[in-house]
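One structure is given here, and the rest of the page talks about it.
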Amino acid sequence: MTTKLDFWSLVTSRIFFAIAAVMLTVVGIGVTRSLIRRAEVQKEVTALQQEIRTLEGKNEEFRRFINYYNTPEFREREARLRLGLQKPGEKVVVIPNLSSINSPPAAQAAAEQENKVSNWRLWLEYFWGR
């Protein structure tokens, strides 16, 4: 009976309660840190999954571009636009710039003459505001 009494007095002592409270606090802090870290990791995982989806979409878009660039239609179009090539027997029509067609040659010559002012006159106009 004395062992029961000694055990019961130990359990109900203030020192036991203080030690138990400290241990519960330490365990609680550890669990809380673990939960916070788990939430942070989950947030990172979600962000990385979103980034993966975005990169996979861009990757698919690049695949479509590569597939288009490998088609004969693209090669023909680029050969026509960049290299000026044509198919055998095909006739090419060149359309001149519309702004040069609409203005008469005399007006173009006058406009060019106005732009050809001597350098000393430009400096004079710059300093004296003429």
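Is at least one residue of the stretch 24-33 of a type in the set (Lys, Arg) and surrounded by 10 or more Cβ atoms within 10 Å (Cβ to Cβ)?
Taking every residue of the stretch 24-33 in turn, at least one turns out to be of a type in the set (Lys, Arg) and surrounded by 10 or more Cβ atoms within 10 Å (Cβ to Cβ).
Whether any residue in the stretch 4-19 is under 30 Å from VAL92 (Cα atoms) and either of a type in the set (Val, Ile, Thr) or in a helix (DSSP H, G or I) (or both) is what I want to check.
No, that holds for no residue.
Rundown of residues vs (1) at pLDDT below 80; (2) in contact with a helix residue (DSSP H, G or I) (Cβ under 8 Å, 6 or more places away or on another chain), yes/no style:
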| site | (1), (2) |
| --- | --- |
| GLN86 | no, yes |
| VAL94 | yes, no |
| LEU98 | yes, no |
| ILE101 | yes, no |
| GLN108 | yes, yes |
| GLN113 | yes, no |
| TRP120 | no, no |
| LEU124 | no, no |
| ARG130 | yes, yes |
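The values are calculated or read from the model by the stated rules, or taken from the named source; none is laboratory data. Note that this is a predicted model, so its numbers are computed, not measured. Note that we place each Cβ from the backbone using ideal geometry, even for glycine, and neighbour counts take in every protein chain shown.
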